[in-house]
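Below: the structure, in structure tokens.
Quick note: the coordinates plus some simple rules give every number you see, no bench work behind them. These numbers come from a predicted model, not from an experiment. Using ideal geometry, Cβ is built from the backbone for each residue, glycine included, and neighbour counts are taken over all protein chains shown.
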Amino acid sequence: MEKIDTLNALSALAHDVRLDIFRLLIKAEPEGMIAGDIAAALDIRANTLSNNLNILSTAGLVRSVREGRAIRYFAEIGTMRDLLVFLMEDCCGGREDICLPMLNKTCR
């Protein structure tokens with residue numbers, strides 16, 4: 001992941017509603033969620049959700065698939081992985097004994 005892509009992803013996640021949306025979609029993997037269900041789960045208006053999903057999509061953090069009249073959204077796990085790798089690639093001077101416990105905790 002390039003530095004500019006990392007900055008775009010972090011910027012998109014640096015908003016409480018967008019972070020909530022992304023975390024909800026991560027939990028919903030691999031099925032994803034219909035837009036209306038996301039709005040209901042987070043108690044936000046459809047237009048607010050749409051604007052925030054567009055920002056997350058532009059940052060490469062979510063993707064969508066049309067299902068008839070509805071749109072299903074998914075977290076882009078690959079982008080999240082690339083973001084974490086970028087942030088952690090020089091972690092602790094390459095000492096796995098320090099980094100692995102942190103990674104193991106996030107993968108539970």
Item to check | the chain: relative contact order in percent, alpha carbon pairs under 8 Å with at least 6 residues between | outcome: 28
Checklist entry - Want the number for residue 89 to residue 4: 0.36 nm per residue separation, take away the alpha-carbon distance, what's left? => result 29.0 nm
Checklist entry - Under a GNM of the chain (C-alpha, springs under 10 Å), which listed residue has the highest mean-square fluctuation: 68, 78, 32? => result 68
Item to check | 79, 6, 48 arranged by Cβ crowding within 10 Å, fewest neighbours leading | outcome: 48, 6, 79
Next on the checklist: Along the Cα→Cβ direction, 7 angstrom out, place labels at residue 46 and residue 23. What is the inter-label distance in nm?
Outcome noted: 2.7
